[in-house]
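One structure is given below, encoded as structure tokens.
Read-outs: derived from the displayed coordinates by stated rules, not from any lab. Quick caveat: nothing in here was measured; it's all calculated off a predicted structure. Methodologically, a virtual Cβ is constructed for each residue, glycine included, from the backbone with ideal geometry; neighbour enumeration extends over all protein chains shown.
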Amino acid sequence: MKRLLFLIFLPLVAYSADNDTITVSMQIDPINLIEITGPTPSLLIDNAIGGEPEIDTFTGVTYGYLSNESTLKQITASLDLDMPTGLRLKVEMVAATSATSTGNVELSSTASALVTSIPAQTTDSNLAITYTLEADGDTASPASFQRVVTYTLTDN
């Protein structure tokens, strides 16, 4: 009777200790986000009386923000183009209790602060925005147009 001999070869690994370490590198980049939600504002001046200013407002838009940086923040806004003569677009953003609203601000192509003193490393949401169109009754020409409002969360 023949016997078969099986040899099992196991790889031999040399270990120097019962534990080991590794350094893990990590980085957290600055995060500054602002989000505008709600319907597209639509403003209409349809009953202007000569010489008297007319006003229309739009509500229902909200905003929120998030920042992980250790500096105070502010929200600014600007228009892609200035408003025609005799018309003013104003925006008011309600501020969280820890920040300050600058009130109903007339917008132009130059950025204007709407909310200031936003605390460092903060987040908030569902804060109201009101848009107001003001027309001088005797200088506003009939027209239909749009403006793009750009909001920026930046250092205070």
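With a Förster radius of 35 Å applied to the beta-carbon distance between Thr97 and Leu44, the computed FRET efficiency rounds to 0.55. A compact globular protein would have a Cα radius of gyration near 2.2 N^0.38 Å; the ratio found for the stretch 56-156 is 1.16. Residues Thr132, Thr100, arranged from fewest to most other Cβ atoms within 10 angstrom of their Cβ, appear as Thr100, Thr132. For the pair Asn68 and Ser109, a Förster radius of 22 Å applied to the C-beta separation gives a FRET efficiency near 0.15, rounded to the nearest 0.05.
For the peptides 21-34, 68-81, the ranking by mean Cβ contacts within 10 Å, running from highest to lowest, is 68-81, 21-34. Between Leu81 and Ile31, the modelled label-to-label distance comes to 3.8 nm, taking each label 7 Å out from Cα in the direction of the beta carbon. Distant-in-sequence amide contacts of Ala95, defined by a placed amide H-H separation under 5 Å and a gap of 5 or more residues or a different chain, comprise Ser101.
Arranged from fewest to most other beta-carbon atoms within 10 Å of their beta carbon, Asp136, Asp155 become Asp155, Asp136.
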